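Working notes, structure below.
We did not get these values from a lab; they are worked out from the coordinates using the rules stated. Model, not experiment: these values are computed from the prediction. Using ideal geometry, Cβ is built from the backbone for each residue, glycine included, and neighbour counts are taken over all protein chains shown.
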């Protein structure tokens, strides 16, 4: 088993979660629906941290992730959310053990 995993942590500008969520939710849904190589795209809100959002994404391989980065829905999200984000951290890796069947 091998898949390309991407985690992204967003630090939002204070009070921007309500504006950010529709943008990232639309990107996540479009990625899962329209990209053959996108196997999972989760949006997570940490408890008691209203200015933080993180993503857990799984792609078939790095090439599938590169296709994602060029997609119309991702580029729209990136452009429209830029003013809401104070910081962003991206980590990539290889899925080596999947806990569910």
query: If you average the sequence gap of Cα pairs under 8 Å that are 6 or more apart and divide by the length of the stretch 4-93, what percent do you get for the contact order?
result: 47 percent
Residue order, fewest to most beta carbons within 10 Å, for 52, 33: 33, 52
- request: Return the calculated 222 nm mean residue ellipticity for the chain, to the nearest 500 deg cm²/dmol, obtained by summing -39500 (n - 2.57) across DSSP H runs with n ≥ 4 and dividing by the residue count.
  value: -11500 deg cm²/dmol
message: As a footprinting exposure proxy, order 29, 17, 79 by other Cβ within 10 Å, with the fewest listed first.
response: 79, 29, 17
statement: For the chain, percent of DSSP beta bridges that are antiparallel (nearest 5) comes out at 100 percent
- prompt: Could you give the distance between the Cα centres of the stretch 1-47 and the stretch 50-101, to the whole Å?
  reply: 6 Å
- prompt: Distances over 21 Å make up what percent of all Cα-Cα pairs in the chain?
  reply: 32 percent
